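What follows is a short report on a single structure.
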Amino acid sequence: MKIQILAFLPELLKHLFRKTATVDYPFQKLVAPEGFRGTPVLYPEKCIVCKACVRDCPAEALEIVSVSETEKKFKMTIHNDRCVHCAQCVDSCPTDAMGMNKEFELAVFDRHNLKIEYVYVKSTPAPRTTPTPNTPKT
Amino acid sequence: MEEFTVPIGPQHPALKEPISLRMTFDGEVVKHVDVRLGYNHRGMEKMAEERSYIQNLYLTERICGICSHSHTTCFAQGVEKLMEIEPPKRGLYIRTLVAEIERVHSHLLWLGVAGHEAGFDTFFMYTWRDREIVMDILESISGNRVHYAINTFGGVRRDISEAQKQTILDSLGLLKQRTEYYTNIGTTEPTFVARIKGVGKLSKELALSLCAVGPTVRASGIKSDVRKDDPYAVYNEIPFEVCTADTGDVFGRVVVRVNELFECYKMIEFMLKNLPVGDIVVKAPRRVKENEVVSRYEAPRGENLHYIKSNGTDKPERLKVRAPTLANYPATVEMLKGCFIADIPLIFAAIDPCICCAERMVELVNVKNGEASVVSFGDLKKLASEQYKKCGNKPEPVSIAKQLEKIRRKS
């Protein structure tokens, strides 16, 4: 048994002088890496209301409704409480109007507070240069 | 001494997920085990029939949290076959790379759990701390720690940059060093070895006849690995060995997993150094012709199987998932027979059970005559209230509105 304790000793001593593996979370935060899939965001000036994101969303977290037919005004609701953060909407969007930010602290007392709403005027589609809707955008 | 039955589960401190194990003991020795499933059914297969293929990709990812990449790759492989598309080489390499990194994280996690179940919590703390290195790698290349969502039909969604390649190669050195230390501890530390050696014996013949999969069958000395037997993705190009052990006990399962970790590091290094240039994805159609396919994949826990039937629309007609844990249940029953009560959590943890992965369909079977039946929700409610009355309880409490009405009438 004595030999075994000696075998553990170097590892034990190493851990005595090691920095802790965890951080004091609320006071000290880790930085999310580049390309982290946080909360989905819409860039309304680019949206052409093709609803490709609504069709492909696996969690049915996106919703686009018409506000005014004459002014071509639309309202997009991102139900962040249902979002699974897969970023398929970012891949499906043909005009790069969807993106993901690094926001991950999403705890709230009421799930309705997680809703994000955008009211915007539909943008006219710009002439497409390379028609490759399936290529990934990160 | 008289035999007696002890129900372990559906809710039990030794179990992380609900499963019912009814065990008959003779003293402290297990005589008979009855496994009952169906406490964690999520209706995922039915859900898949109502969603398009691209939505199902993320649904299948959520079958399991630890081998999430296994399920989506298995599903994507099958659907790609149905779509008759071939992903580019670079895409397949990245897919396989993520699969192997996932295997490292899963095996490190299991080693920790094995240590914890054997009462060696220091081991658990060490492996889980070092697992964070793997989780960080996965987060940096895919954008998430658990659900990587790197697959899409016809390839992968994200490319790997030169800088990321270098970071992975750098952290591999540390991981290798740590795994060597774990091999030393896990296979030579006398207290740990004494606890796991000879526990949960499964002979070669039994493992074969009960169709066990993954490290469980490999620990019984059978070279069974889908990556070698039926190579998918780029496994026919990558050099690797199938790790086995002859002991057929929990100790053998530790040895197999630790050796597999080293194989994983070798494969990751090979893939990063031989990453072909080119596209990572090809365009995939939305609709799929009428056909059916079976897709196989070697998940960290064993062989994973998806059956997909398409009907010409953008939604599958049927998806059937056979998770590795389900295949390992019959072998677990045999392993548990003849063991002590104190060994139950250790043996059960040794197959790396993922109970909710294995919960697929619920069918009520009459034990007496073997007849299967479908019971509606109304019938179930009626049965429940009958049972409630039979136990000596009063009939369902009357609602407050009805009571108020009674009082009003009296007055």
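The long axis of helix B:400-410 is offset from the longest Cα principal axis of chain B by roughly 20 degrees. Fraction of C-alpha pairs exceeding 27 angstrom in chain B: 56 percent, rounded to a whole number. Put a plus charge on the Cβ of each Lys and Arg, a minus charge on the Cβ of each Asp and Glu, and nothing anywhere else: the dipole of the protein assembly as shown about its Cα centre is then about 1460 debye. As a ratio to 2.2 N^0.38 Å, the alpha-carbon radius of gyration for the protein assembly as shown is 1.10. By the gyration tensor of its Cα atoms, with a ≥ b ≥ c the square roots of the eigenvalues, what is the shape of the range B:36-193: rounded for a/c under 1.5, prolate for a/b over b/c, or oblate? In terms of gyration-tensor shape, oblate. For the range A:37-126, the alpha-carbon coordinates run over 38, 25, 20 Å along the three principal axes, in decreasing order.
At each listed q (0.12 Å⁻¹), what is the log10 of I(q)/I(0) that the Debye formula gives for the range B:255-411 modelled as equal alpha-carbon point scatterers? After summing over all Cα pairs, the log10 values are -0.96.
Determine the distance separating the Cα centre of the range B:323-374 from the Cα centre of the range B:229-249; give it in Å without decimals. Centre-to-centre distance over Cα atoms comes out at 26 Å. For the range B:34-109, the square roots of the Cα gyration tensor eigenvalues, ordered a ≥ b ≥ c, give a/c of at least 1.5 with a/b no greater than b/c, which places it in the oblate category. Quick one: net charge of B:Ile351's neighbours, Cβ under 10 Å, K/R +1, D/E -1? Taking every other residue near B:Ile351 into account, the sum is +1.
Take each residue of peptide B:157-166, count the partner chain Cβ atoms within 10 Å of its Cβ, and average: the result is 2. For the range B:294-351, chymotrypsin sites (Phe, Trp or Tyr not before Pro) meeting the loop criterion (DSSP other than H, G, I, E, B) and having at most 11 other Cβ atoms within 10 Å: none.
Rounded to the nearest 20 debye, the dipole size of the range A:37-126 about its Cα centre is 140 debye, using +1 on the Cβ of Lys and Arg and -1 on the Cβ of Asp and Glu.
Read-outs throughout are calculated quantities, based only on the coordinates presented, and are distinct from any laboratory measurement. Keep in mind the model is a prediction, meaning the values are calculated, not measured. All Cβ positions, even for glycine, are placed from backbone atoms using ideal geometry, and neighbour counts span all protein chains on display.
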